[in-house]
1. Estimate the FRET efficiency between Thr214 and Phe372 by the formula 1/(1 + (r/R0)^6), using the beta-carbon distance for r and 30 Å for R0, to the nearest 0.05.
2. List the GluC sites (Glu not before Pro) within segment 275-359 that fall in a DSSP loop (any state other than H, G, I, E or B) and whose Cβ has at most 10 other Cβ atoms within 10 Å.
3. Sum up the lysine pairs in segment 230-364 that clear both bars: alpha-carbon distance under 22 Å and a spacing of 8 or more or different chains.
4. Once you have a ≥ b ≥ c as the square roots of the Cα gyration tensor eigenvalues for segment 1-126, tell me rounded if a/c is under 1.5, and otherwise prolate or oblate according to whether a/b is larger than b/c.
5. May I ask for the distance between the Cα centers of segment 280-302 and segment 496-513, given as a whole number of Å?
6. In whole percent, what relative contact order does the chain give with Cα contacts below 8 Å and a gap of six or more residues?
7. Quick one: with all protein chains in place, what share of the accessible area of the chain is carbon or sulfur, to the nearest percent (1.4 Å probe)?
8. Taking 7 Å along the Cα-to-C-beta vector as the label spot, tell me the Asp24-Asp440 distance in nanometres, rounded to one decimal.
Amino acid sequence: MKLGKFKDPLPIPPVLKPKWKSGDYTYYEVSMVETKQSLHSDLPQTTLWGYEGIYPGPTFEVEMGERVFVKWKNELPAKHLLPIDHTVHGAEKEKPDVRTVVHLHGGRTEPASDGYPDAWFTNGFAVKGPIFEKEIYEYGNQQTARTLWYHDHAIGLTRLNIYAGLAGFYLIRDRYERSLNLPSGPFEVPLLLQDRTFHDDGTLSYPDQPENNTSGIHPSIITSFFGDTILVNGKVWPFFEVEPRKYRFRFLNAANARFFRLSLDSGQLFFQLGTDSGFMEQPIGVKTLLIAPAERLDVIIDFSNLGGKAIVLKNDAPTHFPIGDPVNPETTGNVMEFRVTMPLSSIDTSMVPAYLGPIKWLQTNSAQKQRFLELSEEKDLYGRSLFLLAKKMWDDPITENPRLGSIEIWNFVNTNGDDHPIHIHLVQFQILGRRAFDVDFYKKTKQIRYTGPRIQPEMGERGGKDTVRCPPGHITTVIIPFFPFTGQYVWHCHMLEHEDYEMMRPYIVLPPY
């Protein structure tokens, strides 16, 4: 089915209202329910799963240091919307088909509230995963202003649960951010980017097996999902009417596996202010923005002097980034359209600040330990691709065990063709750089032979991060402070088909010596 572009207005998720708020804490309840929603005016309504019955879910807006409690309630039906491969670890036949657990991505969260993949629960908490601890999660929000997001993290089902609609924004605010005079109110807009494929009846289409399924398993997990339409905030190729002024956009790539390399067909600059973990030291003006699954970008676009113009947000990132198929210029090469058609409602006094504040840069000599962790592609016993971290499966003994208060350097040694966005729960790190190496020599000898100098992180990565792109044939190096909690967390590739099928490992933060 061919869907028209820029036919529907951009929806903006509502801000979630708490059930209770006092000087000491704020309490929310959020239900996951099955719902129907129009994702394009030419499509019948689509059955989805949504937090509070909407897709994307409502936006949390909280203050730095605000103590927030959330009761996440699974009110979903017993049958899944999408095909489940029961050979995937964690999704065995004896487990309930519909299980959820919520992860606050980028949050500095205690282990029991982090959304550990084995802490899942079913409708009404009737059945609980092996390390389920509590029904009400606590978020301390001891972090500066930044863009976080919340999404499902159930083991073996994450790719399906997020594809069904379980994702939303979580914004932390602080006084310093408010002092910067950035575009705000109706001029600050979250943009959640995803790709989807639909059947003619409007239902979600997700492959039940790879194109060349030699395994004989059905349904069978695929290596990566790429849809043929692009959605922003749950609409296919929407348009957004703007005034001729500056707007602040919070970009989030919530796709299963698709990277986006964004540009404006007007040729104008994006002014990037921040990364996953808040502001950079100073804004940068760039023509393109590369954003991997789970990364966030804080950006200002200036529509002044563009009255009457229509500006298309384009994408040219190939699939299986950077080695896959190019985008289709008619479909996946387009994201949305900005129409500068609204009259100016007030004088735009907002700023792109020249300076956003200092970052405390971590020094390599402050690290107590250095680890080299291979990102590899293997084959499972059915002949299917199996991506692993440090050549280990999810259930293998824990090998990453930093001490509370320590600093470590982790080197991600990528020996396969995909660029893997690696996410580490609990922490925010800094990227030290990337360096090309001889992959064949490494595979034969397990020794590193560099083939080029270290490449500095890109300008738009020079800030706090919780997700890092690890390009093929490179060693990507990050420096990580481990605080403020001890306990068990996970690190994984954020291409959802990869993390669901073993490209995820537990790690444990031990007490200090």
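The values are calculated or read from the model by the stated rules, or taken from the named source; none is laboratory data. Just so you know, these numbers come straight off a predicted model, no measurement behind them. Please note: Cβ atoms are built from the backbone with ideal geometry, for glycine as well, and neighbour counts cover all protein chains shown. Heavy atoms of the whole protein, side chains included, go into the accessibility calculation; ligands, DNA and RNA do not. Shrake-Rupley method; radii C 1.70, N 1.55, O 1.52, S 1.80 Å.
1. Given R0 = 30 Å and the Cβ-Cβ separation, E is 0.35.
2. Counting only loop positions with at most 10 other Cβ atoms within 10 Å, the GluC sites (Glu not before Pro) in segment 275-359 are Glu330.
3. So the count works out to 7.
4. The shape class here is oblate.
5. Cα centres, segment 280-302 to segment 496-513: 28 Å.
6. Reported relative contact order: 14 percent.
7. 53
8. If labels sit at Asp24 and Asp440, their model points lie 6.7 nm apart.
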